[in-house]
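Input: a single structure, listed below in structure tokens.
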Amino acid sequence: MADGGDGARPGSTAATRVRPAGSRRLSAERVGEIYADVIEMLIEVGYANLTMDGIAARSRVSKATLYRQWQGKADLVAEALRHDNPPPARIDTGSLHGDLLAMTTVLGDVAPTDAPLLASLAHASYLDPDLGAALRRRLFAPFHAILCDILNRAVERGEIPPGSPALEFGPLVFMAMMPGRALFEGVQVTPEYLVGFVDHILLPALVGSSPTASPPAGP
């Protein structure tokens, strides 16, 4: 049975996919161009109306080539978003406050600039478990791991009490700030907004007291 253009290739899984003998991988430059097309189309038509046929037409590549490189629409979208929002290298400034402030810059910089795109993907993930799983595995998990590493090192340094109940919620709450503000207020988070969240909400919850106030921004 042929694929309808917007799902995974029938009869194939990520674990069993085998590249046909003699097939060539797309170049890194070409893959980047396809990812850019996917992001543009997501903004234009939303995930529900995005199809592999449409991506193939926009990118001027055959659908068979797309399926040789990606498992299906969910896989391709997740990879395109990760390419557009790469996770940082390990953050280690030597202090919890410094690490969290460094993370605000990272998350503020990589947050998508179009709130409807976030809303579309949140809704689509609810309807399409494959998309939700792909986004969690490929896009969100690396950032979540970095935040967990930051908090674990802060516990080892004695900055956070080992039994702090906020440890369980900190990474998720931090990550939720990006889509949360876009969905509920229609405004994208900025590094400055995230700094306020860290100083007045997250850090006090983690350590049990307010941090030293950040110096005011210059004129």
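The values are calculated or read from the model by the stated rules, or taken from the named source; none is laboratory data. Since this is a predicted model, take the numbers as computed values, not measurements. With ideal geometry, Cβ positions are generated from the backbone for all residues, glycine too; neighbour counts draw on all protein chains shown. Ligands, DNA and RNA are stripped out before the accessible areas are found, and what is left, the full protein with its side chains, is counted by its heavy atoms. Shrake-Rupley method; radii C 1.70, N 1.55, O 1.52, S 1.80 Å.
For the reader, a short list of remarks on this structure follows.
- Filtered by the rule that a residue be over 16 Å from the mean Cα position of the chain (by Cα) and part of a helix (DSSP H, G or I), the stretch 166-186 gives 166, 167, 168, 169, 170, 184, 185.
- Here residue 144 clears all of (1) out of contact with any Pro (no Cβ under 9 Å at 6 or more places or on another chain); (2) open to solvent by 20 Å² or more (accessible area, probe 1.4 Å); (3) part of a helix (DSSP H, G or I) except the condition numbered (1).
- Residue within the stretch 120-128 that is in contact with an Asp or Glu (Cβ under 8 Å, 6 or more places away or on another chain) and touching a residue at least 60 places away in the same chain (Cβ under 8 Å) present: no
- Looking across the stretch 187-207, the residues that are β-branched (Val, Ile, Thr) and either in a helix (DSSP H, G or I) or surrounded by fewer than 19 Cβ atoms within 10 Å (Cβ to Cβ) (or both) come down to 187, 190, 195, 198, 201, 207.
- Residues in the stretch 38-70 that are open to solvent by 30 Å² or more (accessible area, probe 1.4 Å) and either among the aliphatic types (A, V, I, L, M) or more than 19 Å from residue 123 (Cβ to Cβ) (or both): 12 in all.
- Scanning the stretch 152-163 for residues that are in contact with a helix residue (DSSP H, G or I) (Cβ under 7 Å, 6 or more places away or on another chain), free of Cβ contacts under 8 Å to residues at least 60 places away in the same chain and either open to solvent by 20 Å² or more (accessible area, probe 1.4 Å) or over 19 Å from residue 101 (Cβ atoms) (or both) gives a single hit, 162.
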